[in-house]
1. Spin-label point model (7 Å from Cα, Cβ direction): what's the residue 153 to residue 3 distance in nm?
2. Select from 93, 175, 125 the residue farthest towards the positive end of the dipole of segment 3-177; place +1 on Cβ of Lys and Arg, -1 on Cβ of Asp and Glu, and compute about the Cα centre.
3. When Rg is the radius of gyration of the Cα atoms in the chain and Rh is its Kirkwood radius, what does Rg/Rh come to?
4. Compute the FRET efficiency between residue 11 and residue 123 as 1/(1 + (r/R0)^6), taking r as their Cβ-Cβ distance and R0 = 22 Å, and round to the nearest 0.05.
5. When only Cα pairs under 8 Å and 6 or more residues apart are kept, what is the percent relative contact order across the chain?
6. Could you name the lysines whose alpha carbon sits less than 20 Å from that of residue 167, not counting residues in the same chain fewer than 8 places away?
7. Hey, what number do you get for the chain at 222 nm if only DSSP H runs of n ≥ 4 count, each worth -39500 (n - 2.57), divided across all residues, to the nearest 500?
8. What is the magnitude of the charge dipole of segment 97-191 about its Cα centre, with +1 placed on the Cβ of each Lys and Arg, -1 on the Cβ of each Asp and Glu, and no other charges, expressed in debye to the nearest 20?
Amino acid sequence: MRTATINRTTSETDISATLSLSGGQILIDTGIGFFDHMLTALARHAGFGLELTAKGDLRVDCHHTVEDTGIVLGRALSKALGNRAGIARFGTAFVPMDEALCMTVLDLSNRPYLVFDAQFSNQSVGGFDCCMAVEFMRALAVNGGITLHQKCIYGCNDHHILEALFKSLGQALKAAVAENGGEILSTKGVL
């Protein structure tokens, strides 16, 4: 399976995503340039194919678009994983971005949880509100069934911190979705 298409329309957003865990082209258009850059980095570092378009009420702010994109991407990931048999399940990645160093550790456990530890100096980077990073990660974790831990170990440039968070997420997902040809990696036999 390893592919999924999810569409979600609300009074605030209209989002469509096609995700392939096995790779493919990456085409992102959310109307928020910096967020497009982060999602592109995430998909590239994960080795995913991702076509995603989002139309949101950006005249209000970026909140609904960013959070709802996390919801859609999380649902697409969960659907593409199916019963989660035959995957490595766990992923860990440290990514440096100039002066910043960030870490992502995750478990595709189907038990959503988020621990997010990153501080930002500015309100926004390129039209993306820095406070929305945690909202995106929460929506992704909850809808993707991911136990997700992220930490900025150090850094002072918000662009670099955000990029290291998204790239480390991609690297950790790449490790976790890797096929191992086995059964469900759980003593319970189910995730």
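Values quoted throughout were computed directly from the atomic coordinates according to the rules given, and no laboratory measurement underlies them. Because the structure is a prediction, the values reported are computed rather than measured. Every residue, glycine among them, receives a Cβ derived from its backbone with ideal geometry; neighbour counts consider all protein chains shown.
1. With each label point 7 Å from Cα toward Cβ, the separation is 3.8 nm.
2. Going by the charge dipole, the pick is 175.
3. Dividing the radius of gyration by the Kirkwood radius yields 0.95.
4. After rounding to 0.05, the efficiency reads 0.25.
5. Details: 480 pairs, mean separation 52.4, N = 191.
27 percent.
6. Those lysines meeting the cut-off are 151.
7. Calculated from helices alone, the mean residue ellipticity at 222 nm is -11500 deg cm²/dmol.
8. Roughly 320 debye, rounded to the nearest 20.
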